[in-house]
Amino acid sequence: MRKWECTVCGYVHEGEEPPDECPVCAADKSMFVEITEEAASSSESTATPASASKAEEKTTFLATVYHVASEQILKHHLHPIMVHTPNGILPMALIFLLITAFLGFPLFETAALYSFVFVLITMPIVVFTGYEVWQKRYRGAMTTTFKIKIGASIVTVLLLCVLSVWRIVRPDIVTTTSTGRWIFLLLSLVLVTAVGLAGHMGGKLVFGSRKN
């Protein structure tokens with residue numbers, strides 16, 4: 001049985017022809033290459049020149065720091081670790097807002113604000129580690145999966161900024177009954193949905209590629 005590997009995410013398909021679309025990252029059929037013994041040996045033979053080329057890179061301080069940081073991000077899987085921050089904290093913040101809105105406990109709303117601000121502070125690291133993984137591991141592919149993930153991340157950052165500033169300017173936005181309260185809660189729900197969508201697509205890339 002012939003085997004085909006997706007050059008974007010590494011998914012391996014068995015069959016006479018590659019699939020029309022990668023079931024993991026949605027890459028086009030043209031992104032698949034057949035796995036042969038020659039291909040395996042050639043990849044091993046090119047490992048040394050690749051290492052040599054790295055040694056020839058610029059040795060400026062910033063370039064060195066960036067290179068080391070990029071290697072550590074990939075080696076220690078820092079992006080999957082960092083995305084647990086928004087994925088875990090923001091749903092909790094939404095629950096706190098709902099508790100305040102329906103049960104009248106303002107301390108939970110304050111905790112939600114701190115949660116929004118904390119996640120907003122960590123988002124540059126989340127985005128940077130994600131960008132590095134996308135570029136280095138997935139070759140910057142712009143498949144449907146990555147478009148959704150990137151779009152959801154942009155929505156997350158924008159809504160975090162809007163909701164945090166709105167709450168700081170209007171401290172009573174959730175504790176006072178008004179149309180603004182429901183809009184605030186709705187945007188918070190959209191925020192959690194965007195985070196969940198980005199996390200789902202990331203999980204599909206990580207765990208879906210291990211099927212074979």
Please go through region 1-37 and give me each residue that is without any contact (Cβ under 8 Å) to a residue 60 or more places away in the chain, closer than 18 Å to residue 147 by Cβ and small (Gly, Ala, Ser), ordered by number.
30
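Being among the charged types (D, E, K, R) and under 28 Å from residue 177 (Cα atoms): is that true of residue 109 here? Steps first, answer last, please.
Details: among the charged types (D, E, K, R): yes; under 28 Å from residue 177 (Cα atoms): yes.
Here the answer is yes, as residue 109 does meet what is asked.
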Members of region 160-210 found to be more than 30 Å from residue 23 (Cα to Cα) and either outside the structural domain of residue 114 (by TED's automatic domain parsing) or assigned to a loop (DSSP other than H, G, I, E, B) (or both), listed by number:
170, 171, 172, 173, 174, 175, 176, 177, 178
Could you count how many residues in region 135-156 are over 14 Å from residue 26 (Cα atoms) and assigned to a helix (DSSP H, G or I)?
9
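Looking only at helices (runs of 4 or more DSSP H) that lie completely in region 1-86, which have at least 3 residues being out of contact with any Asp or Glu (no Cβ under 8 Å at 6 or more places or on another chain), modelled with pLDDT of 80 or more and assigned by TED's automatic domain parsing to the domain that holds residue 196?
Values: elements: 37-45, 47-55, 61-75, 78-82.
The helices (runs of 4 or more DSSP H) meeting that bar are 61-75, 78-82.
Rundown of residues vs (1) loosely packed, with under 14 Cβ neighbours inside 10 Å; (2) closer than 18 Å to residue 83 by Cα, yes/no style:
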| position | (1), (2) |
| --- | --- |
| 140 | yes, no |
| 156 | no, yes |
| 160 | no, yes |
| 164 | no, no |
| 167 | no, no |
| 172 | yes, no |
| 192 | no, yes |
| 195 | no, yes |
Determine the pairs where a residue that is in the same structural domain as residue 173 (by TED's automatic domain parsing), located within region 102-125, has a partner that is among the small types (Gly, Ala, Ser) with Cβ atoms under 7 Å apart, the partner being 6 or more residues away or on another chain.
112/93; 115/93; 116/93; 116/164; 117/164; 120/164
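Residue by residue through region 157-167, note down the ones that are free of Cβ contacts under 8 Å to residues at least 40 places away in the same chain and farther than 30 Å from residue 27 by Cβ.
Once the filter is applied, which keeps residues that are free of Cβ contacts under 8 Å to residues at least 40 places away in the same chain and farther than 30 Å from residue 27 by Cβ, region 157-167 yields 162, 165, 166.
The values are calculated or read from the model by the stated rules, or taken from the named source; none is laboratory data. The structure displayed is predicted, hence computed values, not measured ones. So basically every Cβ, Gly included, is an ideal-geometry build from the backbone, and we count neighbours across all protein chains shown.
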